[in-house]
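Worksheet: one structure, shown below.
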Ligand SMILES: Cc1ncc(C[n+]2csc(CCOP(=O)(O)OP(=O)(O)O)c2C)c(N)n1
């Protein structure tokens, strides 16, 4: 398939379905968090859905992704099971890691998901390793790491770019520049253009509108194709915006605000889900068809939360399983 081609309507509806699943799952999580039922922090992905979905649409279960503390969207975009994710977030025995990992460690090796990661930049080295393994196996698989604009300032990024360039690894570094690193605006902590950091290593570095799933899909399609045939790594900087706080409940400990509500409102107008919806309604799909997708997603989300919250906590003996010593 030539990925430069415009996707078919069926493919666009699939992108829409996947973005909407992430959106609804995260909105619901935000509501449940307010009820105080969840011990520990969660970082919601709302507003950034087009990045995870535009990237993962090119990947199979045999390709790898490594993710961040804001990792639910990546997990779902790669085909992670919604109920198993919610159960994990709530520490249930039925969670994808039997409740031992929680929100920042949702992982499913069977689907090529190396996991979310509480360490900023922590997924980068893992993805380089997975790319090296794919190259040694000669299986045509690729490895993708998602990281934030804050993560871009970790030293491991330079090490990864260097190794990936010199060994021509099948690696994609996808930086989601969402405008903030915790409560610091990007331009107060990050110098220059992130995509340009690829250039000294001889790697292609591209910027893309991270709120336009079709644009992300197109840029990533070319990069993935190149990686699969041994033409080496790429760095992609997707410009996007997080709608929610850095962490849910941040208002309980922040004094004042660190961003302008007008800025949030302006980015909401560039809603990645709404943009694709408008595109589809411009003659490709009917309102009734999109309503049917919404109803299907709402049902899946309801099922995931209702079941997960009723599931049991792990038995004590679980603590001694999956140990290496
Ligand atoms: C190594 C390390 N340093 C600091 C932190 C604390 N921390 C958690 S998230 C975060 C900001 C990350 O910003 P960014 O990479 O842009 O991701 P975003 O939260 O915007 O998705 C920081 C500094 C951490 N978890 N790990």
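Structure notes:
- Any chance residue 70 is under 14 Å from the mean Cα position of the chain (by Cα), in contact (Cβ under 8 Å) with a residue 40 or more places away in the chain and outside any helix (DSSP H, G or I): yes
- Of all residues in the range 91-139 being within 13 Å of the ligand (Cβ to nearest atom), assigned to a loop (DSSP other than H, G, I, E, B) and surrounded by 21 or more Cβ atoms within 10 Å (Cβ to Cβ), the one that is farthest from the chain's Cα centre (by Cα): 117
- Taken across the range 9-24, residues that are out of contact with any strand residue (DSSP E or B) (no Cβ under 8 Å at 6 or more places or on another chain), surrounded by fewer than 20 Cβ atoms within 10 Å (Cβ to Cβ) and part of a loop (DSSP other than H, G, I, E, B) do not occur at all.
- Some residue of the range 35-48 being in a helix (DSSP H, G or I), touching a helix residue (DSSP H, G or I) at 6+ places or on another chain (Cβ under 9 Å) and in contact (Cβ under 8 Å) with a residue 60 or more places away in the chain: no
- Residues of the range 188-206 classified as within 18 Å of residue 50 (Cβ to Cβ) and either more than 16 Å from the ligand (Cβ to nearest atom) or part of a helix (DSSP H, G or I) (or both), total: 2
- The range 54-72 - residue that is more than 14 Å from residue 174 (Cα to Cα) and within 14 Å of the ligand (Cβ to nearest atom) and, of those, surrounded by the fewest Cβ atoms within 10 Å (Cβ to Cβ): 69
Quick grid of which residues meet (1) touching a helix residue (DSSP H, G or I) at 6+ places or on another chain (Cβ under 6 Å); (2) within 26 Å of residue 72 (Cα to Cα); (3) crowded, with 18+ Cβ neighbours inside 10 Å:
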position	(1), (2), (3)
193	no, no, no
198	no, no, yes
205	yes, yes, yes
217	yes, yes, yes
231	no, no, no
241	yes, yes, yes
253	no, yes, no
266	no, yes, no
273	yes, yes, yes
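- Of the residues making up the range 250-259, at least one is away from the ligand (no atom under 15 Å from the Cβ) and farther than 25 Å from residue 68 by Cβ.
- Test: residue in the range 172-187 that is away from the ligand (no atom under 16 Å from the Cβ) and either touching a residue at least 12 places away in the same chain (Cβ under 8 Å) or in contact with a helix residue (DSSP H, G or I) (Cβ under 7 Å, 6 or more places away or on another chain) (or both): yes
- So residue 79, is it farther than 15 Å from residue 218 by Cα and surrounded by fewer than 24 Cβ atoms within 10 Å (Cβ to Cβ): yes
- Breaking point among (1) in contact with a helix residue (DSSP H, G or I) (Cβ under 9 Å, 6 or more places away or on another chain); (2) under 25 Å from residue 82 (Cα atoms); (3) free of Cβ contacts under 8 Å to residues at least 60 places away in the same chain, for residue 291: (1)
The numbers here are math on the coordinates, done by the rules we state, and not lab data. As the structure is a computational prediction, the values presented were derived from the model and not from experiment. Ideal geometry is used to build each Cβ from the backbone, glycine not excepted, and the neighbour counts take in all protein chains shown.
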